[in-house]
1. Right, Leu320: of a type in the set (A, V, I, L, M, F, W, C), surrounded by 19 or more Cβ atoms within 10 Å (Cβ to Cβ) and assigned to a helix (DSSP H, G or I) or not?
2. Hey, any hits in the stretch 206-225 for a residue that's in contact with a Gly (Cβ under 7 Å, 6 or more places away or on another chain), surrounded by fewer than 20 Cβ atoms within 10 Å (Cβ to Cβ), within 24 Å of Phe2 (Cβ to Cβ) and in contact (Cβ under 8 Å) with a residue 60 or more places away in the chain?
3. For the subset of the stretch 152-200 comprising residues that are assigned to a helix (DSSP H, G or I), in contact (Cβ under 8 Å) with a residue 40 or more places away in the chain and acidic (Asp, Glu), which member is nearest to Ala249 (Cα to Cα)?
4. I need the full set of residues from the stretch 344-367 which are hydrophobic (A, V, I, L, M, F, W, C) and touching a residue at least 60 places away in the same chain (Cβ under 8 Å), in order please.
5. Based on this model, can you work out whether Thr130 counts as farther than 19 Å from Ala63 by Cα, surrounded by 24 or more Cβ atoms within 10 Å (Cβ to Cβ), outside the structural domain of Ala227 (by TED's automatic domain parsing) and at pLDDT 95 or above?
6. What tally of residues in the stretch 22-72 results from selecting those that are in contact with a Phe, Trp or Tyr (Cβ under 7 Å, 6 or more places away or on another chain) and farther than 30 Å from Arg106 by Cβ?
Amino acid sequence: MFGEGALSRVGDLACQLGFTHTLVVADRGIVAAGLVDRAASVLRDAGLSAVGFHEFDSNPDAAMVERGRALAAQHSIDSIVALGGGSSLDCAKGINFVLTSGGAMRDYRGYGRTTRPMLPMIGVPTTAGTGSDAQSYTIISDPTTHEKMACGDRGAAFRVAVLDPLLTVSQPRAVTATAGYDALSHAVEAFVTTRRTDISDVFAREAWRLLQFNYERVLVEPGDLAARGAMLLGAHHAGTAVEQSMLGATHACANPLTARFGTTHGAAIAVMLPHVVRWNASHVGARYADLLGEAGPDAGASAGDRLAERLESLARAGGLPSRLHELGVARDDIAMLASNAASQWTGTFNPRPFDAPAARDLYERAY
């Protein structure tokens with residue numbers, strides 16, 4: 001459901017889905033912004049009870065998820081509303097896994113490992129970024145190793161995604177920049193993976209159009225609701241594309257940077273994506289030309305460079321880093337990072353074969 005003021009419909013939607021005792025999962029920043037109070041009021045006006053869970057951080061880990069599960073079990077929760085950025089949405093999905101089927105998050109790595117039906121959920125993104133509102137996967141970190149665990153199930157998809165541009169206006173500029181760039185990367189990577197489909201192509205292409213034309217606009221004019229709406233819808237479309245086609249080497253290289261150095265995901269993506277595009281171009285240059293709207297027999301010859309240059313320009317507009325050393329990475333760290341990147345699931349879908357030597361090459365280019 002998309003449109004200004006769509007948050008006001010959450011109560012009616014929840015009733016239609018049979019919600020009665022709902023857990024509202026939202027990070028502390030969303031609480032401070034007053035959005036949790038607004039959502040809880042809408043739910044209570046519809047006759048539903050609402051309990052909030054906010055004890056988690058960005059890149060939620062399994063220990064945080066367990067705290068949410070304990071609270072949900074205490075209150076006999078039968079449904080979940082996730083409100084916030086990707087961390088809130090992913091944490092809500094994680095709670096749903098362990099609340100309904102027991103065990104720990106590590107038991108659900110991969111896809112379809114639940115043993116009981118999951119609770120119905122509504123997702124309300126407040127950032128235009130992760131696309132988690134369109135996906136059946138959650139990304140939860142291991143609290144000891146900080147490794148990201150991808151856990152998926154058909155039941156982990158939100159029954160309804162509520163896209164309200166008004167909720168994105170108050171986010172800090174840095175969040176707009178990093179989340180928006182992550183969404184851009186989803187469109188770019190989903191368009192060229194080995195698992196792409198005609199359906200994922202449609203969503204990735206439209207996501208790229210909406211995002212690249214409005215990314216700079218929302219940074220300059222944060223109150224422009226038309227641009228905010230385009231970014232929110234574009235991020236959702238990009239998430240839909242990823243659900244169909246998965247991701248590639250950019251995310252495989254970015255995840256170890258977050259795990260090892262605590263780098264914000266969108267910043268890690270900004271450093272790696274242009275280099276991956278240039279590196280992939282020998283295999284999928286024609287695809288990159290298609291994404292850029294170019295045509296002709298020679299269109300793909302240097303499309304990788306043109307797309308990478310556009311991505312670098314967008315990253316500069318967002319004030320994002322462009323080199324690994326800006327993230328605190330030393331050259332001596334590259335071998336370790338490359339080994340970790342090679343073990344990432346997303347790398348297996350990259351259009352150009354990806355392994356530890358390839359990852360090392362990419363990190364060296366980005367250094």
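1. On the way: of a type in the set (A, V, I, L, M, F, W, C): yes; surrounded by 19 or more Cβ atoms within 10 Å (Cβ to Cβ): yes; assigned to a helix (DSSP H, G or I): no.
No: the conditions fail for Leu320.
2. Yes, the stretch 206-225 contains at least one residue that is in contact with a Gly (Cβ under 7 Å, 6 or more places away or on another chain), surrounded by fewer than 20 Cβ atoms within 10 Å (Cβ to Cβ), within 24 Å of Phe2 (Cβ to Cβ) and in contact (Cβ under 8 Å) with a residue 60 or more places away in the chain.
3. Looking only at the stretch 152-200, we keep the residues that are assigned to a helix (DSSP H, G or I), and these are 154-156, 165-168, 173-190, 198-200.
Keeping just the survivors that are in contact (Cβ under 8 Å) with a residue 40 or more places away in the chain gives 154-156, 165-168, 173-190, 199-200.
Next cut, acidic (Asp, Glu) only: 182, 189.
Numbers: Asp182: 14, Glu189: 8 Å.
Of everything passing the filter in the stretch 152-200, Glu189 is nearest to Ala249 (Cα to Cα).
4. Quick first cut of the stretch 344-367, residues hydrophobic (A, V, I, L, M, F, W, C) only: 345, 349, 354, 356, 358-359, 362, 366.
Selection gives Trp345, Phe349, Phe354, Ala358, Ala359, Leu362, Ala366.
5. Values: farther than 19 Å from Ala63 by Cα: yes; surrounded by 24 or more Cβ atoms within 10 Å (Cβ to Cβ): yes; outside the structural domain of Ala227 (by TED's automatic domain parsing): yes; at pLDDT 95 or above: no.
No.
6. Number of matching residues: 1.
Results for (1) in the same structural domain as Ala134 (by TED's automatic domain parsing); (2) crowded, with 22+ Cβ neighbours inside 10 Å; (3) not in a strand (DSSP E or B), shown as yes or no for each residue.
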| position | (1), (2), (3) |
| --- | --- |
| Val10 | yes, yes, yes |
| Leu23 | yes, yes, no |
| Asp57 | yes, no, yes |
| Arg69 | yes, yes, yes |
| Ser76 | yes, no, yes |
| Ala82 | yes, yes, no |
| Asp90 | yes, yes, yes |
| Gly94 | yes, yes, yes |
| Gly103 | yes, no, yes |
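The values are calculated or read from the model by the stated rules, or taken from the named source; none is laboratory data. Here the structure is a predicted model, which means the values were calculated and not measured. Quick reminder, even Gly has a Cβ in these numbers, built from the backbone with ideal geometry, and neighbours come from all protein chains shown.
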